[in-house]
Amino acid sequence: MLIRVAPGLGLYGVLGLHKPLAIRPAPRLRHAWIVSMPPTPGTLEWIETLRNRPGVLHCQPLLARMLSKKRIPNDPLFPRQWHLRNTGQLGGGPGVDLNASFAWDWGRGEGITVAVIDDGVQEAHPDLAPNLVSALGYDFNDDDPDANPGDLDFDVHGTQVAGLVGACDDNGLGLCGVAPRCSLVSLRLLGAPANDEQIASALSHRNDTIHIYNSSWGGTDGTGMLESMGVLTEAALEHGAREGR
């Protein structure tokens, strides 16, 4: 059992006539000990009595229990997703990953809406369709509610990002997203050149409902120039931080 007593209180005085098999200090806990007692009938009732004695701060039996293994999705490509669960399968260091499988015991994105601001998301994709909320999507390049990619041979980035974020789990298809049960929204912006007003509109679109805006894009690489955000974009971000959802 584990027992912790008030400073200055003698442990043997608390144990009384009960003779322990072994006593050792509890690791990283002051005034506490691990006490091994003979497995006799009534031990649990005696520990309950100890809890109520003056000066006993904590007392509990150290009962062994079988820990549940973390459930792994049945998506066929999940074993190759080293960034979610790295077992060294592709030659990398085991454990160098997002530790996602442990986080999934707490939640998998339920109740969270993520907008993917990109070149469009294929709303009919079988690994994304159950999570996509088409009614919230919008195309800021063509100014219409159809947020699918314009060219399926070229505009593939948004669909890939959406898969990384929220591809469905346990459906026997493809792969698994980081938050496989979140709601996904496609906001098409990178299908054509976009100005400050369009970028700001995308970053503030339905911010009463959307929790996260994923923006895997930026200024053109290789120019040697650092581009700052526009005034409208900055205002959209500030408004979202202060008043969004």
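Quick one: which residue in 24, 4, 30 is surrounded by 13 or more Cβ atoms within 10 Å (Cβ to Cβ), in contact with a strand residue (DSSP E or B) (Cβ under 9 Å, 6 or more places away or on another chain) and either within 11 Å of residue 60 (Cα to Cα) or modelled with pLDDT of 85 or more (or both)?
On the way: 24 fails: surrounded by 13 or more Cβ atoms within 10 Å (Cβ to Cβ); 30 fails: surrounded by 13 or more Cβ atoms within 10 Å (Cβ to Cβ).
From the options 24, 4, 30, the qualifying one is 4.
Within the option set 113, 87, 159, being among the β-branched types (Val, Ile, Thr) and over 25 Å from residue 189 (Cα atoms) holds for one residue only, 87. Among residues of region 145-172 that are under 22 Å from residue 100 (Cα atoms) and open to solvent by 30 Å² or more (accessible area, probe 1.4 Å), those with a beta-carbon under 7 Å from a residue that is at pLDDT 95 or above and of a type in the set (Val, Ile, Thr) at least six positions away or on a different chain give the pairs 164/178.
Annotation: of all residues in region 202-212 being farther than 13 Å from residue 233 by Cα and touching a residue at least 40 places away in the same chain (Cβ under 8 Å), the one that is least open to solvent (accessible area, probe 1.4 Å) is 210. Scanning region 1-49 for residues that are in a strand (DSSP E or B), free of Cβ contacts under 8 Å to residues at least 60 places away in the same chain and of a type outside the set (S, T, N, Q) returns 3, 4, 5, 22, 23, 24, 25, 32, 33, 34, 35. For region 70-97, the set of residues classified as open to solvent by less than 40 Å² (accessible area, probe 1.4 Å) and either closer than 16 Å to residue 108 by Cβ or touching a strand residue (DSSP E or B) at 6+ places or on another chain (Cβ under 9 Å) (or both) consists of 73, 75, 78, 81, 84, listed by residue number. Each residue in region 152-202 was checked for being of a type in the set (A, V, I, L, M) and part of a loop (DSSP other than H, G, I, E, B), and 11 of them qualify. For the residues 130, 149, the requirement of being within 23 Å of residue 184 (Cα to Cα), at pLDDT 90 or above and not in a loop (DSSP other than H, G, I, E, B) singles out 130. Note on region 173-201: residues that are among the hydrophobic types (A, V, I, L, M, F, W, C) and either over 14 Å from residue 129 (Cα atoms) or open to solvent by 60 Å² or more (accessible area, probe 1.4 Å) (or both) total 10.
The values are calculated or read from the model by the stated rules, or taken from the named source; none is laboratory data. For clarity, every value in this text was computed on a predicted model and none was experimentally measured. All Cβ positions, even for glycine, are placed from backbone atoms using ideal geometry, and neighbour counts span all protein chains on display. Protein only, heavy atoms only, side chains kept; ligands, DNA and RNA dropped before computing areas. Shrake-Rupley method; radii C 1.70, N 1.55, O 1.52, S 1.80 Å.
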